[in-house]
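Before any comments, here is the structure.
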Amino acid sequence: MRSEAKLFNILVFLTAFFFCELTDTKEQQFKITVQAIIDGFSNQDSIKVSKFIDKRRGVYLLHRIGVFDTYDHFPSVTFSNSSYPEILFKSSKGVKYSSINYSTLPKWDCEKAWSKKGLFVDTTKTDHLVSQICNNRNKYRPDTISVKTIQSFYKLENKSRRIVLYDTHEKELVFYLSYLNGKWYLTIIDSVSSDCSV
């Protein structure tokens, strides 16, 4: 009986140890990916950024056309292709990386810009901007985005973290990383949140 309890305690310890190791590795990979993506956008390096885009899933670029928020899907990112909405990349050129703050995200105000400067991720909340855009387009446009498509966005958002960078030179980059098959991928780039064109 005593040896069973001892074996059980060892198993609990090993499980906790490997869970902590896995969590640390996942978080370390997250930080490395964030830094590499910011560096890629800062230097307008398509190859560097595209390394973090899943070939099958691609990346969604959120932007505004008129009064409606919308999205486009691309297999990769390029800074020289005119078919990409240019506004997505203008404000990120030269953006400077800073250490990650795990706290509430800054809020955007068209009169004051972002409410705080720095690099932020909130791991306590899940953001559903893309699925919300789809629902709004169906309701107000009206559009024909299928329930299946909206659900797939919702599932992706549940595996994602929203990252907001607003540096000391007022350059910005807002993007989402999704944890898929044991790796962090760039899945969404957001220029809607700070667009005051309407």
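The values are calculated or read from the model by the stated rules, or taken from the named source; none is laboratory data. The structure displayed is predicted, hence computed values, not measured ones. Methodologically, a virtual Cβ is constructed for each residue, glycine included, from the backbone with ideal geometry; neighbour enumeration extends over all protein chains shown.
Determine whether segment 130-138 contains at least one residue that is within 14 Å of Ile188 (Cβ to Cβ) and among the polar types (S, T, N, Q).
yes
Identify the residue in segment 61-77 that is touching a residue at least 60 places away in the same chain (Cβ under 8 Å) and over 15 Å from the mean Cα position of the chain (by Cα) and, among all such residues, is nearest to Lys51 (Cα to Cα).
First, the residues of segment 61-77 that are touching a residue at least 60 places away in the same chain (Cβ under 8 Å): 61-64, 66-71, 77.
With the extra rule that they be over 15 Å from the mean Cα position of the chain (by Cα), the set shrinks to 64, 66-70.
Numbers: Arg64: 26, Gly66: 32, Val67: 33, Phe68: 30, Asp69: 27, Thr70: 25 Å.
By that ranking, first place goes to Thr70.
Would you mind finding the one in Val130, Val164 that is closer than 19 Å to Ser42 by Cβ and surrounded by 15 or more Cβ atoms within 10 Å (Cβ to Cβ)? Lay out the reasoning, then the answer.
On the way: Val130 fails: closer than 19 Å to Ser42 by Cβ.
After applying the criteria, what remains is Val164.
Within segment 108-125, track down each residue that is modelled with pLDDT of 95 or more and within 20 Å of Thr70 (Cα to Cα).
Listed by number, the list is empty, since nothing qualifies.
Considering Asp122, Asp72, Asp109, which residue is touching a strand residue (DSSP E or B) at 6+ places or on another chain (Cβ under 6 Å), of a type in the set (D, E, K, R) and under 19 Å from Ser194 (Cβ atoms)? Steps first, please.
Values: Asp122 fails: touching a strand residue (DSSP E or B) at 6+ places or on another chain (Cβ under 6 Å); Asp109 fails: touching a strand residue (DSSP E or B) at 6+ places or on another chain (Cβ under 6 Å).
Checking each option against the conditions leaves just Asp72.
Considering (1) surrounded by 19 or more Cβ atoms within 10 Å (Cβ to Cβ); (2) at positive phi, say which one Glu170 fails and leave the rest.
Evaluating Glu170 over (1) surrounded by 19 or more Cβ atoms within 10 Å (Cβ to Cβ); (2) at positive phi leaves (1) as the failure.
Looking only at segment 4-61, filter to residues that are over 26 Å from Ser91 (Cβ atoms) and of a type in the set (Val, Ile, Thr); which one of those is modelled with the highest pLDDT? Don't jump to the end; show me each part of the working.
Of the residues in segment 4-61, the ones over 26 Å from Ser91 (Cβ atoms) are 4-29, 55-56.
Still in the running and of a type in the set (Val, Ile, Thr): 10, 12, 15, 23, 25.
Working: Ile10: 52, Val12: 45, Thr15: 51, Thr23: 52, Thr25: 90.
Per the criteria, the residue is Thr25.
Give the residue that is farthest from Lys96 (Cα to Cα), with candidates limited to residues of segment 157-172 that are modelled with pLDDT of 95 or more and not hydroxyl-bearing (Ser, Thr, Tyr).
This residue is Asn158.
Testing Ser178 on (1) surrounded by fewer than 23 Cβ atoms within 10 Å (Cβ to Cβ); (2) within 23 Å of Ser98 (Cβ to Cβ); (3) more than 8 Å from the chain's Cα centre (by Cα), one condition comes back false. Which one is that?
The number of the failed condition is (3).
Having 1 or more residues that are farther than 26 Å from Ala36 by Cβ and hydrophobic (A, V, I, L, M, F, W, C) is the bar; report the helices (runs of 4 or more DSSP H) wholly within segment 87-198 that clear it. Outline the logic, then answer.
Working: elements: 87-90, 129-140, 147-158.
By residue number, 129-140, 147-158.
Residue-by-condition table, conditions (1) free of Cβ contacts under 8 Å to residues at least 60 places away in the same chain; (2) surrounded by fewer than 13 Cβ atoms within 10 Å (Cβ to Cβ); (3) in contact with a Cys (Cβ under 8 Å, 6 or more places away or on another chain); (4) closer than 20 Å to Ser193 by Cβ:
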| site | (1), (2), (3), (4) |
| --- | --- |
| Ile47 | yes, yes, no, no |
| Asp54 | no, no, no, no |
| Ser92 | no, no, no, yes |
| Tyr102 | yes, yes, no, yes |
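For Lys26, work out the one condition from (1) of a type in the set (Lys, Arg); (2) assigned to a loop (DSSP other than H, G, I, E, B); (3) more than 21 Å from Ser197 (Cα to Cα) it doesn't fulfil.
(2)
Looking at Ile150, Ile189, can you tell me which residue is touching a Cys at 6+ places or on another chain (Cβ under 7 Å), surrounded by 15 or more Cβ atoms within 10 Å (Cβ to Cβ) and over 19 Å from Gly66 (Cβ atoms)?
On the way: Ile189 fails: touching a Cys at 6+ places or on another chain (Cβ under 7 Å).
On inspection, the qualifying residue turns out to be Ile150.
Out of curiosity, is Ser146 modelled with pLDDT of 90 or more and under 17 Å from the mean Cα position of the chain (by Cα)?
Numbers: modelled with pLDDT of 90 or more: yes; under 17 Å from the mean Cα position of the chain (by Cα): no.
No.
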